[in-house]
1. Under 18 Å from E6 (Cβ atoms), open to solvent by less than 20 Å² (accessible area, probe 1.4 Å) and out of contact with any His (no Cβ under 6 Å at 6 or more places or on another chain): does that describe T118?
2. When you go through Q3, Q39 one by one, which is the residue that is of a type in the set (S, T, N, Q), under 14 Å from D109 (Cα atoms) and touching a residue at least 12 places away in the same chain (Cβ under 8 Å)?
3. Which condition breaks for L80 when tested against (1) buried (at least 16 other Cβ atoms within 10 Å of the Cβ); (2) aliphatic (A, V, I, L, M); (3) closer than 30 Å to M104 by Cα?
4. Go through the residues of segment 75-91 one by one and say whether even a single one is hydrophobic (A, V, I, L, M, F, W, C) and within 30 Å of H103 (Cβ to Cβ).
5. Looking at the structure I just gave you, is D61 open to solvent by less than 80 Å² (accessible area, probe 1.4 Å), out of contact with any Cys (no Cβ under 7 Å at 6 or more places or on another chain) and in a loop (DSSP other than H, G, I, E, B)?
6. Of the conditions (1) under 15 Å from A97 (Cα atoms); (2) touching a residue at least 60 places away in the same chain (Cβ under 8 Å); (3) open to solvent by less than 60 Å² (accessible area, probe 1.4 Å), L33 clears all except one; give me its number.
7. Which pairs have Cβ atoms under 6 Å, sit 6 or more apart or on different chains, and link a residue in segment 46-62 that is within 19 Å of V92 (Cβ to Cβ) to one that is among the polar types (S, T, N, Q) and open to solvent by 80 Å² or more (accessible area, probe 1.4 Å)?
8. Kindly indicate the residue of segment 38-49 that is farther than 12 Å from V63 by Cβ and at pLDDT 95 or above and also surrounded by the fewest Cβ atoms within 10 Å (Cβ to Cβ) among those meeting that condition.
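The values are calculated or read from the model by the stated rules, or taken from the named source; none is laboratory data. Everything numeric in this text was worked out from a predicted model, so none of it was measured. With ideal geometry, Cβ positions are generated from the backbone for all residues, glycine too; neighbour counts draw on all protein chains shown. Only protein heavy atoms, including side chains, enter the accessible area calculation; ligands, DNA and RNA are left aside. Shrake-Rupley method; radii C 1.70, N 1.55, O 1.52, S 1.80 Å.
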Amino acid sequence: QVQLVESGGGLVQPGGSLRLSCAASGRILTINLMGWYRQAPGQQRESVVVIDRGGNTNYADSVKGRFTISRDNTKKTVFLQMNRLKPEDTAVYSCLANIIPDHMKGPMDFWGNGTLVTVSS
């Protein structure tokens, strides 16, 4: 069974910073794409940023220049450094990982439970 566990959310003032982490554990052969999505109250979930095994990234326009994604393949962990946070960044941030559990299975998407980020003064 694969698990993704996020950490690092919380309350921060506008202009502040937070760093999110997401660690994958369990039966994992290969982790392909990893990424962060967010869902604000009353809105649909949207992609924030994704990163492949080679380090190639794709950021939402709304976070370019403020957020930075990175991953540690050895530790099966993805990070999201969020700087210059704005009230509109307030949302539940969820981690996604596309994982091949073993040689008998194809790639599957797994989600974390999410961590709340609140940007408010």
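1. Values: under 18 Å from E6 (Cβ atoms): yes; open to solvent by less than 20 Å² (accessible area, probe 1.4 Å): no; out of contact with any His (no Cβ under 6 Å at 6 or more places or on another chain): yes.
Here the answer is no, as T118 does not meet what is asked.
2. Going through Q3, Q39 in turn, just one is of a type in the set (S, T, N, Q), under 14 Å from D109 (Cα atoms) and touching a residue at least 12 places away in the same chain (Cβ under 8 Å): Q3.
3. Only one criterion in (1) buried (at least 16 other Cβ atoms within 10 Å of the Cβ); (2) aliphatic (A, V, I, L, M); (3) closer than 30 Å to M104 by Cα is unmet by L80, namely (3).
4. Checked segment 75-91: at least one residue is hydrophobic (A, V, I, L, M, F, W, C) and within 30 Å of H103 (Cβ to Cβ).
5. The answer is no for D61.
6. (3)
7. Note: pairs meeting the criteria are V50/N58.
8. If we take residues in segment 38-49 being farther than 12 Å from V63 by Cβ and at pLDDT 95 or above, then Q44 is surrounded by the fewest Cβ atoms within 10 Å (Cβ to Cβ).
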